[in-house]
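Visitor: Below is the structure I would like to discuss, written out as structure tokens.
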Amino acid sequence: DSFRIEKSKVKRNQTLSGVLSGIGVPDGAIHRLVIEAKGILDVRQFRAGNHYTVLYQSDSLNSPAYFIYEKDPIEYTVFQMIDSFAVWNGLKDVDTVRQFFTGKIETSLWNAFISGGANPSAAFELSEIFAWTIDFFWLQKEDSFGMVYDEYFIEGIPYGIGSIYGAFFRHAGRDFLAIPFEQNGKNDFYDEK
């Protein structure tokens, strides 16, 4: 409540110094921040489309106090301009939720995941697991499947799929199982035999 917050995205052809200048950071302070960022953020890797947040002081000058650049959905870099200059990296919290999803094929595997409210990335993982046993171009209506897996969330938004603990697929009246097993240092999936 002591800051005014503005969020935006890096535009095409914008540089870190250009964005900092645009939010009111003086040239001397930009130079200091770029020096502080060495080894923490390669300023040449500043990417169009990435999000950033500016925290402005709630004073008469409305000066920027912090600039937070999101390198990717998990990692961010903070530029501190209040009290002293500092730059550091941080990581957002990633929540892992164990999911169990079952479905039936009506049109496609992808649509079964979408209509069931599951992460469609899990459909890709399931098709990869059974790629050598099931021809996914010939799925039949009423084929069914299920899988137990970890799903990652960042700030409540799905981010990706983690470990898969098992899966089954019933195709053309036959059951196929996929059980994870580590052999020779490599994780792979096997049937019950």
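The values are calculated or read from the model by the stated rules, or taken from the named source; none is laboratory data. Here the structure is a predicted model, which means the values were calculated and not measured. For neighbour counting, all protein chains shown are included, and Cβ atoms are generated from backbone atoms with ideal geometry for every residue, glycine included. Ligands, DNA and RNA are stripped out before the accessible areas are found, and what is left, the full protein with its side chains, is counted by its heavy atoms. Shrake-Rupley method; radii C 1.70, N 1.55, O 1.52, S 1.80 Å.
Visitor: Just to verify a result, which residue in region 157-175, among those that are farther than 15 Å from residue 125 by Cβ and hydrophobic (A, V, I, L, M, F, W, C), is most open to solvent (accessible area, probe 1.4 Å)?
Guide: Looking at the filtered set, the residue picked out is 157.
Visitor: If a residue must be over 22 Å from residue 160 (Cβ atoms), of a type in the set (Val, Ile, Thr) and either in a strand (DSSP E or B) or in contact (Cβ under 8 Å) with a residue 40 or more places away in the chain (or both), how many such residues does region 69-104 contain?
Guide: Summing the residues that are over 22 Å from residue 160 (Cβ atoms), of a type in the set (Val, Ile, Thr) and either in a strand (DSSP E or B) or in contact (Cβ under 8 Å) with a residue 40 or more places away in the chain (or both) in region 69-104 gives 2.
Visitor: Here's a check for you: in region 37-84, which residue that is within 13 Å of residue 17 (Cβ to Cβ) and crowded, with 17+ Cβ neighbours inside 10 Å is farthest from the chain's Cα centre (by Cα)?
Guide: Only one residue fits best here, namely 37.
Visitor: Out of (1) in contact with a helix residue (DSSP H, G or I) (Cβ under 7 Å, 6 or more places away or on another chain); (2) closer than 22 Å to residue 91 by Cα, the odd one out for residue 5 is which?
Guide: The single condition residue 5 does not satisfy is (1).
Visitor: With the requirement that a residue be among the aliphatic types (A, V, I, L, M) and in contact with a Phe, Trp or Tyr (Cβ under 8 Å, 6 or more places away or on another chain), what does region 131-170 give you?
Guide: 134, 147, 148, 161, 164, 167
Visitor: Of all residues in region 1-22, how many are assigned to a helix (DSSP H, G or I), small (Gly, Ala, Ser) and open to solvent by less than 50 Å² (accessible area, probe 1.4 Å)?
Guide: 1
Visitor: Quick one: in region 87-115, which of the residues that are small (Gly, Ala, Ser) and surrounded by fewer than 15 Cβ atoms within 10 Å (Cβ to Cβ) is modelled with the highest pLDDT?
Guide: For region 87-115, the residue satisfying everything is 90.
Visitor: Let me confirm something: among 134, 154, which residue is under 23 Å from the mean Cα position of the chain (by Cα) and either open to solvent by 80 Å² or more (accessible area, probe 1.4 Å) or in contact (Cβ under 8 Å) with a residue 12 or more places away in the chain (or both)?
Guide: Answer to the check: 154.
Visitor: Check every one of the strands (runs of 3 or more DSSP E) wholly within region 118-192 and list those with 1 or more residues that are at positive phi and of a type in the set (Val, Ile, Thr).
Guide: none
Visitor: Give me a count of the residues in region 1-44 that are small (Gly, Ala, Ser) and touching a strand residue (DSSP E or B) at 6+ places or on another chain (Cβ under 7 Å).
Guide: Number of matching residues: 3.
Visitor: Can you confirm whether residue 25 is at pLDDT 95 or above, of a type in the set (A, V, I, L, M) and open to solvent by less than 60 Å² (accessible area, probe 1.4 Å)?
Guide: No; evaluated as a whole, the condition is false for this residue.
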